[in-house]
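Contents: one structure, followed by commentary.
The values are calculated or read from the model by the stated rules, or taken from the named source; none is laboratory data. Computed from a predicted model, the values in this text were never measured in an experiment. FYI the Cβ positions are ideal-geometry reconstructions off the backbone, even for glycines, and counts take in every protein chain you see. Accessible surface is based on the protein model in full, side chains and every heavy atom, while ligands, DNA and RNA are left aside. Shrake-Rupley method; radii C 1.70, N 1.55, O 1.52, S 1.80 Å.
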Amino acid sequence: MKSIADLIRLVMITIICAGFFSCASVKSIPDSPRFAVPVEEEKVETESEEEPEKTLPNQLESPWQLDVTFPYWADARILSVDTVTSFQMYHGQGVVYLTPTVDCKGIKLYVNGKKISMPKMKGNQIYEVNISSYTRDGTNSLQLSGIKSTDKKTKIRLCVPFPTVLKGSVSDSGIPRKAFRLIDKIISADVANGFSSAQLAVIKDGRLVYDKSWGNVQTYDGEGKTVKAKSVTSDTMYDIASVTKMFSVAYAMQYLVAQGKVSLETKITDILGEEFVNDTIEIDFKNHDEEPLETIKAWKASLTVRDVLSHRAGEHPGPLYFNDNYDVGTGKADAENVLYAGWDGSEETRQNTLRQLCKTPLTYEPRTDLIYSDVDYMLMCFVIEKITGKRLDEFLQETFWEPLGLRHITYNPLEHGFSKDDCTATEVTGNKGYDFTGRRDYVIQGEVHDSNAYYCMGGVSGHSGIFSSAKDLAVLASVMLTGGYGEQHFFSRSVIDAFTGAQTNLNADYGIGWWRQSEFGTVKHFGSICPSSAYGHQGFTGTLAFIDPEKNLVIVFLTNKRHVPYVSQGKMRGSYAGNYYVCGSVSFVPQIIELGLTIDPSRRAWKAFAADMVEDMRRNIPEGKKLSPDDPRVRGFTAMKQAKRKF
């Protein structure tokens, strides 16, 4: 059967304009609706002379956002319901596909209460109606009434694709230019004063309204000295660290749950086998109550997919499975690691990591607490691979990245045709702070920064490992607003609600993996202006994905703030210098954008806001203590002063 794209390429387009007809290109967007009539299917002669039953053609096989049959689409026996339905769309885009079972002399089609002139329609043919002049942002209504036909049993199938992301501009967004100007001045000043680089993409109402980059792909060498390097572009990819959790495991599980392939209540042992429980060993973890092994095994036997995704499974926050010179119980070096998996990232080491995950005991009773853990999403990586029969990166590529046309998102970029200069660098001295077999001691670029992901999981894990440009990640994140994209349907509305809703009253700032704003539960992540329904995630390397469903808003802000020298003296010795710049706290971006959208302060208020940010940076500098101009606290403060002055 031909795809709808093939059908549309074959059709003649007819524009109905105030009583006369004219031809137009399929790709044109005229002021009036267009109708695409496909080539009729080849008729097959049969011996029977009986007229076949009138049925709807199955040419439209895509999993549509809306796929209903009029009249009585809901069979609610209430006319007000059965003739009207709704769909999600954004202004300036949208089509409807209509297919009658028999010839129709006329129908009445309304979009958001506005009537669209319709021609006579032939039975068993597909008509495409461009409704982009009638759609609005958010929920749209669609009414089909007054079907005129000689056959009282006439049915009309109506299909609506999902919205996509179009090219837009700041003027399309409703976000004041002053908000983007302040953000630009802050990032530019930070980079000029030693911060590494950044990338920002903003989607509002189905349009990419902002896409900008700052800095170079590498700023420092292994000794902390500045180097010359390529400028960051909109296609440059960043190691998004723990933001991977949402766009790998969470996305995969939302898809599989929506497809009925797995339930949130499925037991982990039903997927990974009884060895997940039986192979558990005793470890006296520091700062954790010791429980009998049989109790811990019983706990593990009760674990469900929901428990693990929600960080309520009782798993340790993150044993160093890659370190062969480390006691996972005491946290001390120069000792045997009973959970050591390997360091070479091979498939053998990857499978050994699964065995060590099965051996790992829980540290508290499941569902009694919420403790963020990388182990949860390392484990879920293997769960997904067992369900799908594919490695996680392959499944994501086939299910999401390819259908969405994303070209700058991947695991292990150096193995997929990209060079180091296609990626921003992270740590300047490799995995500083540990001494173990195979430790990297060079500037990390194009390789995942996270040690468990790199050494144990071969770069492909559920807790870290994805590299992406801000633009591609924003398009991927936009799927959460509607559940689909064009003719691709990924998540049902109920699944999105289940994953992004509050877990419990005590953990309202967490959904199923997603961080939620709730009652200002995540102000340090998302700011203080966004609604309680907002959600997203941050990553250790300085990355943020933020979604505000009430405003149809997606913000992706990526930095490589770990690609900086270490502080070499004082109480901050050994910490990352990037933490002391405004960009080190990525939440300032959604704060400023939401402030602009919600309030749009006066210029005087914006100036006062910038002045407050200067004072915030001043607080990092100890009173009465003279610091070097190269101290990151001084450089961060200086940068914010410059940003305010230029704003």
Practice problem: Please determine, by comparing only the residues of the range 254-286 that are closer than 11 Å to residue 305 by Cβ, assigned to a loop (DSSP other than H, G, I, E, B) and among the hydrophobic types (A, V, I, L, M, F, W, C), which one is least open to solvent (accessible area, probe 1.4 Å). | Solution: 268
Practice problem: Inspect all residues belonging to the range 111-133 and state whether any of them is of a type in the set (Phe, Trp, Tyr), without any contact (Cβ under 8 Å) to a residue 40 or more places away in the chain and over 26 Å from residue 491 (Cα atoms). | Solution: no
Practice problem: Could you please tell me which pairs satisfy a Cβ distance under 6 Å, a separation of 6+ or placement on different chains, a first residue in the range 172-190 that is of a type in the set (Lys, Arg), and a second residue that is outside any helix (DSSP H, G or I)? | Solution: 185/647
Quiz item: Which of the residues belonging to the range 612-634 are modelled with pLDDT of 90 or more and open to solvent by 70 Å² or more (accessible area, probe 1.4 Å)?
Solution: 612, 615, 616, 618, 619, 629, 630
Quiz item: List the pairs whose first member sits in the range 268-297 and is farther than 29 Å from residue 388 by Cα, whose second member is among the charged types (D, E, K, R) and crowded, with 17+ Cβ neighbours inside 10 Å, and whose Cβ atoms are under 7 Å apart, counting only residues at least 6 apart or on separate chains?
Solution: none
Quiz item: How many residues does the range 89-105 hold that are part of a strand (DSSP E or B) and either over 17 Å from residue 123 (Cα atoms) or at pLDDT below 85 (or both)?
Solution: 2
Quiz prompt | Test for residue 306: is it surrounded by 15 or more Cβ atoms within 10 Å (Cβ to Cβ) and either outside any helix (DSSP H, G or I) or over 30 Å from the mean Cα position of the chain (by Cα) (or both) | solution = no
Practice problem: Go through the range 500-524 and count every residue that is in contact (Cβ under 8 Å) with a residue 24 or more places away in the chain and closer than 21 Å to residue 479 by Cα. | Solution: 6
Quiz item: Do you know which residues across the range 322-376 are of a type in the set (D, E, K, R), under 28 Å from residue 253 (Cα atoms) and loosely packed, with under 15 Cβ neighbours inside 10 Å?
Solution: 347, 348, 355, 369
Self-check item: Answer from 458, 446, 486 - the residue that is open to solvent by 10 Å² or more (accessible area, probe 1.4 Å), of a type outside the set (A, V, I, L, M, F, W, C) and touching a Lys or Arg at 6+ places or on another chain (Cβ under 8 Å)
Solution: 458
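Listed here are the residues, each with its yes/no results for (1) among the aliphatic types (A, V, I, L, M); (2) touching a residue at least 60 places away in the same chain (Cβ under 8 Å); (3) part of a loop (DSSP other than H, G, I, E, B).
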| residue | (1), (2), (3) |
| --- | --- |
| 583 | no, yes, no |
| 596 | no, yes, no |
| 604 | no, no, no |
| 622 | no, no, yes |
| 629 | no, no, yes |
Quiz prompt | Residue identified as closer than 25 Å to residue 138 by Cα, open to solvent by 10 Å² or more (accessible area, probe 1.4 Å) and at pLDDT 95 or above among 533, 478 | solution = 478
Quiz item: Which residues, taken from the range 214-242, are open to solvent by less than 30 Å² (accessible area, probe 1.4 Å) and within 30 Å of residue 93 (Cα to Cα)?
Solution: 236, 237
Quiz prompt | Criterion (open to solvent by less than 30 Å² (accessible area, probe 1.4 Å), hydroxyl-bearing (Ser, Thr, Tyr) and out of contact with any Pro (no Cβ under 8 Å at 6 or more places or on another chain)) met by exactly one of 410, 388, 429 | solution = 410
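Looking for something open to solvent by 60 Å² or more (accessible area, probe 1.4 Å), assigned to a strand (DSSP E or B), touching a Lys or Arg at 6+ places or on another chain (Cβ under 6 Å) and in contact (Cβ under 8 Å) with a residue 24 or more places away in the chain - is there at least one such residue anywhere in the range 147-154?
Checking the range 147-154: at least one residue is open to solvent by 60 Å² or more (accessible area, probe 1.4 Å), assigned to a strand (DSSP E or B), touching a Lys or Arg at 6+ places or on another chain (Cβ under 6 Å) and in contact (Cβ under 8 Å) with a residue 24 or more places away in the chain.
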Exercise. Mind listing just one residue for me: the one in the range 106-144 that is of a type in the set (Gly, Ala, Ser) and modelled with pLDDT of 90 or more and, of those, surrounded by the fewest Cβ atoms within 10 Å (Cβ to Cβ)?
Key: 113
Exercise. Could you pull out the residue among 188, 141, 86, 133 that is in a helix (DSSP H, G or I) and either more than 27 Å from residue 482 (Cα to Cα) or within 34 Å of the chain's Cα centre (by Cα) (or both)?
Key: 188
Exercise. Return the residue satisfying two criteria in turn: it lies in the range 147-197 and is touching a Ser or Thr at 6+ places or on another chain (Cβ under 7 Å) and among the basic types (Lys, Arg), and of such residues it is nearest to residue 493 (Cα to Cα).
Key: 157
Quiz item: Hey, among the residues in the range 391-405 that are assigned to a loop (DSSP other than H, G, I, E, B) and in contact with a strand residue (DSSP E or B) (Cβ under 8 Å, 6 or more places away or on another chain), which one's surrounded by the fewest Cβ atoms within 10 Å (Cβ to Cβ)?
Solution: 403
Quiz item: Is there a residue in the range 69-79 that is touching a residue at least 12 places away in the same chain (Cβ under 8 Å) and not in a loop (DSSP other than H, G, I, E, B)?
Solution: yes
